[in-house]
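Following: one structure in structure tokens, then a few remarks.
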Amino acid sequence: MAKDRLLTIEFIDGTTRTYAFSVYAPGAQSQNKAVRQMKLESFFKDRFLVLHGEGKLLVFPLENIKSVQLSSDDLDLEGIRMPTHTITGARRIT
């Protein structure tokens, strides 16, 4: 059984929402690295964060979002090209 991933959105008004989703649910996120690469690149270019689940389509304009935190295993990102300015191995200390 696959562990759920968590997505936490912090909005500019200070509120947060956290969503859980399965990477391996039928019709969900692809295990294919090329598809994950395209989705990551699309996320950085698009103006909206779009979630679908529980009979709802949620569309969040990025202008209203302060930050997005997405849990992942290192294996999820293996072979995925990150933006050149990405700092890896970061740990929060405060």
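Here, each number is a calculation from the coordinates, and none is a lab measurement. Nothing here was measured: the structure is a model prediction, and the numbers come from that model. All Cβ positions, glycine included, derive from the backbone under ideal geometry; neighbour counts span all protein chains shown.
Things to note:
- 10 Å Cβ shell holding at most 15 others, DSSP loop, trypsin sites (Lys or Arg not before Pro): longest site-free stretch of the chain: 4-46
- Relative contact order for the chain, counting Cα pairs under 8 Å that sit 6 or more residues apart, in percent: 30 percent
- Label assignment, volume of the Cα convex hull per residue in Å³ derived from the structure, set [x] 155; [y] 141; [z] 164: [y]
- Helical runs assigned H by DSSP (4 residues or longer) give the chain a calculated mean residue ellipticity at 222 nm of -5000 deg cm²/dmol, each run adding -39500 (n - 2.57) before division by the residue total.
- With a cut-off of 14 Å between beta carbons, the residues surrounding Ser42 carry a summed charge of +3, where Lys and Arg count +1 and Asp and Glu -1.
- Cα-based reach from Lys33 at 21 Å (exclusive), listing lysines while leaving out same-chain residues under 8 positions away: Lys3, Lys45
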